[in-house]
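Structure record follows, encoded as structure tokens.
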There are 2 protein chains.
Amino acid sequence: MFGKEVYEERRRALRERLAGQTGIVLFLGNAESPAQYRDNCYKWRQDSNWLYFFGIDEPRFAAILDIDNGAETVYADDFTLDDIVWMGPMPSVQSLAQKAGAEASAPYAKLFDAVREAQAKGRCVHTVPPSRYYNEMLLRRMGIDGASEPLIRAIVSLRLVKEPREIALIDAACELGYEMHTIARKGIRIGVKEQEIVGAMEAVTLAKGWGVSFPTILTQHGEIFHCHSHEAPVEEGKLMVIDAGAEASSHYASDFTRTYPTGGRYTPRQRDIYSIVYECNEYAFSLTAPGVAYRDVHIAVAQRMLSGLKDLGLVSGDPAEMAAQGVAGLFMPHGLGHNMGLDVHDMEDLGEDLVGYDDDQTRSPLPGLHSLRMARRLVPGHVITDEPGIYFIPALIAAWKKEKRDGGRVNYAKLEKEYLDFGGIRVEDDVLVTADGARRLGPRRLPASPDEVEEAMKND
Amino acid sequence: MFGKEVYEERRRALRERLAGQTGIVLFLGNAESPAQYRDNCYKWRQDSNWLYFFGIDEPRFAAILDIDNGAETVYADDFTLDDIVWMGPMPSVQSLAQKAGAEASAPYAKLFDAVREAQAKGRCVHTVPPSRYYNEMLLRRMGIDGASEPLIRAIVSLRLVKEPREIALIDAACELGYEMHTIARKGIRIGVKEQEIVGAMEAVTLAKGWGVSFPTILTQHGEIFHCHSHEAPVEEGKLMVIDAGAEASSHYASDFTRTYPTGGRYTPRQRDIYSIVYECNEYAFSLTAPGVAYRDVHIAVAQRMLSGLKDLGLVSGDPAEMAAQGVAGLFMPHGLGHNMGLDVHDMEDLGEDLVGYDDDQTRSPLPGLHSLRMARRLVPGHVITDEPGIYFIPALIAAWKKEKRDGGRVNYAKLEKEYLDFGGIRVEDDVLVTADGARRLGPRRLPASPDEVEEAMKND
């Protein structure tokens with residue numbers, strides 16, 4: 001938790017950005033989330049907006065900020081003797097509220113009274129969309145249906161531009177991610193079960209941080225984006241996609257992807273594709289700078305990718321034209337990157353369009369570009385991922401071929417003959433937009449070029 | 001997943017035990033549970049009742065069993081092309097339903113129609129209390145309020161008595177737990193941060209199982225039962241309580257506690273208390289047999305514990321009388337043990353009294369005994385924990401002294417002078433009730449006696 005002045009300042013700034021609005025802002029921290037029965041919960045994780053504005057990392061806290069007069073009250077229940085026996089002594093709610101810079105506190109039940117009172121007076125109750133189902137139930141119980149767009153816009157405008165103190169914490173989360181990936185890379189040995197590598201990798205962030213920032217992807221089927229099966233043994237000649245990150249104890253995230261040749265050296269066919277992806281990653285980074293729209297970076301990368309695929313005979317035509325037609329979406333059906341911060345997809349619960357798109361941007365219907373989570377014009381302090389990938393997805397190839405979506409640009413014969421068992425490749429870094437360009441986050445960069453990767457694996 | 005005959009037989013048995021009831025049974029599998037935003041979820045964990053009766057380990061499955069005619073339908077949605085791109089190919093709902101022995105399947109939305117139709121006909125819809133908030137919302141949406149006691153009783157009667165195939169899986173989960181605890185014990189070194197030990201320990205079950213069966217307790221403050229802070233470095237002269245277990249990939253749990261001297265040898269004062277706890281653990285095990293009520297085992301253990309504490313001068317009076325008055329509850333405010341199976345506190349979401357108490361038993365108001373989760377007369381196939389403990393909880397000691405709860409039996413002067421900084425000790429094994437007695441689960445027992453523990457730590 002930062003000093004109370006940090007939270008006071010953030011809430012002051014929030015209220016400033018809500019100028020013109022009236023009513024109250026209702027902040028809901030998280031409750032515990034049951035894994036099995038109600039008392040056997042998943043690892044405790046606070047709501048990110050709550051962490052940002054109040055910092056109190058305990059369950060069942062809430063707060064109301066009165067937009068009109070600036071009054072703030074934190075709602076939570078003090079521990080009983082029974083709680084103390086089971087969970088140990090806890091600071092009082094009042095002392096925690098004070099650490100967050102809020103003067104007033106009250107029992108949790110009073111929250112409902114306060115909301116009811118505001119509603120009875122016809123005042124607006126501003127909330128964000130609930131990410132957890134428990135909070136969704138609370139909002140329904142309070143008769144609150146639908147989130148406040150002004151509140152969402154105000155929060156996004158603040159959280160999107162990271163403070164120096166946040167960037168330091170993201171750098172630290174990236175170092176943890178570096179350590180995770182290094183352990184994982186060293187664990188790639190023919191015959192080892194994938195899950196063994198996952199266990200060793202996740203141990204790093206369990207020992208030094210909060211845990212993983214999202215469920216680990218570690219798979220020899222890189223063409224499946226969210227493959228969470230880790231049952232297979234490592235096989236010779238495959239590509240191992242590892243997409244994983246740490247959530248530090250500060251709750252800031254990191255998120256890296258590397259793609260390794262299971263035997264330590266890429267086959268010529270793998271190296272061809274890998275080189276294109278690596279160059280796209282570097283190219284995107286070189287284009288990342290204030291004032292540039294990240295959607296334009298995505299489009300430039302798609303064109304570069306198509307140019308590389310054309311050299312391999314997999315597509316034919318003018319790369320710029322093909323990019324404009326969305327042909328890259330067959331190979332990279334996802335966007336180039338997303339915002340990252342307290343959430344690994346930062347603020348995704350506030351709505352991708354409000355978070356990732358400027359007011360004058362609309363989401364493109366083009367394959368790939370349609371899935372772009374971050375399109376905005378870049379501003380110093382933005383933290384984004386740079387994660388191009390090329391995948392050969394049999395079901396998608398079949399669908400495109402059948403529906404003739406490619407306008408005759410794709411060499412299906414070659415794809416079907418040589419690439420249906422290829423898998424996929426992705427190379428992902430975390431990037432800070434700086435005053436004059438960009439900086440890769442974390443003190444060390446994971447090996448990225450084909451030569452660097454092979455060299456590292458030789459020495460593992 | 002077992003063969004389909006297992007699930008068919010369990011549901012047949014369920015219907016049999018629902019003889020006299022009419023209507024439908026609504027089974028709800030789990031949905032994913034968000035950790036942050038809706039698409040960043042905690043590790044997937046299926047509902048235990050669903051696993052027991054259908055075994056399909058995928059999110060958003062449900063089923064209806066018609067009690068009156070035995071018809072069964074599984075409800076879930078097949079993958080779209082978009083799902084396949086993100087999550088890989090999935091077997092069809094129909095083929096999964098067939099693997100569970102259910103002939104009919106339908107899209108998830110039809111579930112609501114089927115429930116509505118039953119309700120319109122005035123048929124009873126039997127459900128269990130929801131453990132996850134998502135399912136609680138679903139039930140509210142369907143206008144179902146309150147669970148079916150006949151259904152709960154039928155499920156409890158089945159799940160409480162473990163099948164041989166389940167016992168084999170629990171034995172395997174216990175072996176994983178053994179490995180976790182062994183790694184943890186070897187990691188206890190003065191100066192090491194507790195969290196480092198947690199990371200190494202949890203890595204074992206992440207690499208070979210599903211994960212932890214509950215949030216790990218690893219603390220030098222054993223007097224706090226659910227202490228989940230792991231910030232402290234290991235200090236000389238302390239007691240380290242490690243209460244942790246594995247959930248195997250089969251989803252069966254293990255749950256062990258050991259209490260280690262941080263420097264490798266118990267101090268005389270620690271050894272005195274440890275010896276009492278260890279003897280209570282052995283004594284409870286020796287009493288565990290079919291026909292014996294586990295509540296009586298708890299009471300016998302409480303008496304033995306008081307007798308040991310009397311020898312140390314911490315209480316005075318007749319141990320049997322003190323046990324009957326609940327004096328042991330100052331030192332062991334929890335019950336002797338709980339059921340264990342697919343849940344680490346098996347079926348706790350079905351209600352502790354219906355799960356852990358026979359019809360002719362009522363929960364005692366006595367401290368300690370009041371918290372007993374498993375009081376039933378034992379039956380071969382019951383799987384329970386044996387976990388006596390002695391704790392010196394400053395807040396509880398102060399409350400008892402102030403309220404004179406002990407009837408003059410407790411030597412507060414000695415407690416306050418010598419034991420307020422002691423912490424706590426617990427020794428826990430997992431036990432199967434057999435035809436003629438009991439067997440500790442798992443192929444190997446963790447070192448338990450004071451000598452065994454010290455010997456193991458010497459060799460670590």
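The values are calculated or read from the model by the stated rules, or taken from the named source; none is laboratory data. Small disclaimer: the values here were computed from a predicted structure and weren't measured. Methodologically, a virtual Cβ is constructed for each residue, glycine included, from the backbone with ideal geometry; neighbour enumeration extends over all protein chains shown. Ligands, DNA and RNA are excluded from the accessible area calculation, which covers all protein heavy atoms including side chains. Shrake-Rupley method; radii C 1.70, N 1.55, O 1.52, S 1.80 Å.
General observations
- Prolate/oblate/rounded call for the stretch B:4-159, Cα gyration tensor, a/c under 1.5 rounded: prolate
- Beta bridges per DSSP with both ends in the stretch A:4-159, % antiparallel, nearest 5: 65 percent
- Gyration tensor (alpha-carbon) shape descriptor, the stretch B:357-460, a/c threshold 1.5: oblate
- Translational diffusion of the stretch B:286-339 was estimated from the Stokes-Einstein equation, with Rh taken as the Kirkwood radius over Cα pairs; at 37 °C and 0.692 mPa s the coefficient is 284 µm²/s.
- Hull volume in cubic angstrom per residue (convex hull over the Cα atoms of the stretch B:108-195): 186 Å³
- Every helix of 4 or more DSSP H residues in the protein assembly as shown counts as -39500 (n - 2.57), and over all residues that averages to -12000 deg cm²/dmol at 222 nm.
- Teacher prompt: A:ALA168 distances to equivalent labels in other copies, 7 Å Cα→Cβ, nm: 5.7
- In this calculation the C-beta distance from B:HIS226 to A:LEU312 is compared with R0 = 56 Å, giving a FRET efficiency of 0.45.
- When B:THR80 is represented by a point 7 angstrom out along its Cα-to-C-beta vector, the spacings to that point in the other copies are 4.7 nm, nearest first.
- Computed over chain A, relative contact order equals 14 percent, with contacts defined as Cα pairs under 8 Å that lie 6+ residues apart.
- Across the stretch A:244-333, Cα-Cα pairs more than 23 Å apart make up 37 percent of the total.
- Buried area at the B-A interface (accessible, heavy atoms, 1.4 Å probe, summed, Å²): 5300 Å²
- Model label sites at B:GLU136 and A:ALA13, defined 7 Å from Cα along the beta-carbon direction, differ in position by 3.5 nm.
- In summary, the protein assembly as shown shows an alpha-carbon radius of gyration equal to 0.99 times the 2.2 N^0.38 Å reference for compact globular proteins.
- Aspartates and glutamates whose Cα lies under 14 Å from that of B:LYS414, excluding same-chain neighbours fewer than 8 positions away: B:ASP311
- Label-point separation, A:LYS417 to A:ASN459 (7 Å along Cα→Cβ), nm: 4.1 nm
- Prolate/oblate/rounded call for chain A, Cα gyration tensor, a/c under 1.5 rounded: prolate
- Here A:ARG12 yields copy-to-copy label distances, from shortest upward, of 7.4 nm, the label point defined as 7 Å from Cα along Cα to C-beta.
- Over 32 Å (Cα to Cα) - which of B:LYS193/B:LYS458; A:LYS193/A:LYS417; A:LYS99/A:LYS162; A:LYS43/A:LYS238; B:LYS43/B:LYS238 fall in this group: A:LYS43/A:LYS238; B:LYS43/B:LYS238
- Span-like helix ranges in chain A, DSSP H, alpha carbon extent 27 angstrom or more, Kyte mean at least 1.0: none
- If you wrap the stretch A:134-277 in the convex hull of its Cα atoms and look at it from every side, the mean projected area works out to 11.7 nm².
- Reduction of at least 10 Å² in accessible surface, 1.4 Å probe, comparing all protein chains with the chain by itself, residues of the stretch A:222-248: A:ILE224, A:PHE225, A:HIS226
- Neighbouring partner chain Cβ atoms per residue of A:206-213, average, 10 Å criterion: 5
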